[in-house]
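Novice: One structure coming up, written as structure tokens, with questions to follow.
Derivation of every value follows stated rules applied to the coordinates shown; laboratory data play no part. Here the structure is a predicted model, which is why all the values come from computation and not from measurement. All Cβ positions, even for glycine, are placed from backbone atoms using ideal geometry, and neighbour counts span all protein chains on display.
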Amino acid sequence: MKTITIETLLALAVLITLASVLGMLRMRDPYQRLHYIAAPASLSAVFITIAIFLQQGLKPECFKAVFTTLALIGMNTVVTHAAARAFRIAETKNWKPKKGETVPIQRGDERVGDGRKEAA
């Protein structure tokens with residue numbers, strides 16, 4: 001039973017990764033493709049870590065897997081943001097919006113360009 005559970009977890013990790021790759025291939029631009037990075041970096045890593053715990057028990061390898069998974073999950077947002085910024089710079093040669101260019105902002109965010117804050 002333990003072997004079946006481990007194999008199922010590993011198969012789920014592989015399926016999630018393959019589905020993410022297929023999703024990335026279907027998207028039109030790099031910004032849309034970035035959304036498909038999260039699943040392999042988080043869900044697949046968690047499933048693999050659980051499988052390692054089931055197979056090895058409480059050994060040092062398991063804690064290394066937990067640390068690696070936490071690092072992947074934590075760095076996922078940083079890498080995604082850095083990649084989006086690099087795509088933006090490659091397209092426009094500048095990170096900041098051009099004068100008159102509209103940038104979607106959320107309530108309470110600072111307006112781009114005029115330095116005033118949006119009224120809540």
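Novice: Work out how much length Val21 to Leu54 would gain on full extension: take 0.36 nm times their residue separation and subtract the Cα-Cα distance, in nm to one decimal. Please list the in-between numbers first.
Specialist: Working: separation 33, 0.36 × 33 = 11.88 nm, distance 2.73 nm.
This chain segment gains 9.2 nm when fully extended.
Novice: Compute the projected area of the convex hull of the Cα atoms of region 1-44, averaged over all viewing directions, and report it in nm² to one decimal place.
Specialist: If you wrap the Cα atoms of region 1-44 in a convex hull and average its projections, you get 2.8 nm².
Novice: Just check region 2-92 against the gyration tensor rule for me: Cα atoms, a ≥ b ≥ c as the square roots of the eigenvalues, rounded for a/c under 1.5, and otherwise prolate or oblate depending on whether a/b exceeds b/c. Intermediate values should be presented prior to the final figure.
Specialist: Values: a/c = 5.83, a/b = 1.87, b/c = 3.12.
The shape class here is oblate.
Novice: Let me ask something else about it. For Ala90 and Thr5 in the same chain, what is the full-extension length gain: residue separation times 0.36 nm, less their Cα-Cα distance, in nm?
Specialist: Gain in length upon complete extension: 26.1 nm.
Novice: To continue, here is another question. In debye, nearest 20: dipole of region 2-92 around its Cα centre with unit charges on the Cβ of K, R (+) and D, E (-)? Don't skip to the end; give the middle numbers.
Specialist: Details: 8 positive and 4 negative charges, 19 e Å.
Its charge dipole is roughly 100 debye.
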